[in-house]
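This report refers to the structure that appears directly beneath it.
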Amino acid sequence: MLAVATTVKLLAEIALLALAGQWVVGLLAGAGKDSNPFYRVLQGVGRPWVKAARWISPPMVMERHLPLVALLVLLLVWVVAAVAKVRICLEIGVALCK
């Protein structure tokens with residue numbers, strides 16, 4: 001169970017950093033963000049999570065708000081995985097969690 005919680009937490013961290021990085025690069029690049037190779041790589045990493053956000057969100061959510069929805073859902077997943085990992089580590093002993 002510890003491996004599952006750790007894996008889910010790691011995947012959420014990677015996706016959260018990709019979405020946050022995409023937002024920062026988008027701010028810095030401005031209108032030319034679509035031609036920026038770093039933006040496109042981060043967009044490719046975050047795209048599955050944005051599509052999942054479209055699937056779980058109601059139709060009235062606009063397309064431009066989907067990355068924010070994905071970010072919030074991933075943040076919730078990360079918190080749940082972190083709490084689960086801490087709970088498991090407290091049950092089996094902190095020495096075994098390293």
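The values are calculated or read from the model by the stated rules, or taken from the named source; none is laboratory data. None of the values given here were measured: they were computed from a predicted structure. Note that each Cβ is placed from the backbone with ideal geometry, even for glycine, and that neighbours are counted across all protein chains shown.
Could you please let me know if S57 is among the polar types (S, T, N, Q), at pLDDT below 95 and either more than 28 Å from T6 (Cα to Cα) or loosely packed, with under 10 Cβ neighbours inside 10 Å (or both)?
Here the answer is no, as S57 does not meet what is asked.
Within the range 72-98, the residues that satisfy the criterion of being more than 20 Å from the chain's Cα centre (by Cα) and among the β-branched types (V, I, T) are I88, I92, V94. Pairs under 7 Å by beta carbon, first residue closer than 12 Å to M1 by Cα in the range 75-90, partner not in a helix (DSSP H, G or I), six or more apart or different chains? What qualifies is I88/M1. For the range 8-39, the set of residues classified as without any contact (Cβ under 8 Å) to a residue 12 or more places away in the chain and under 27 Å from I88 (Cβ atoms) consists of L10, L11, L17, listed by residue number.
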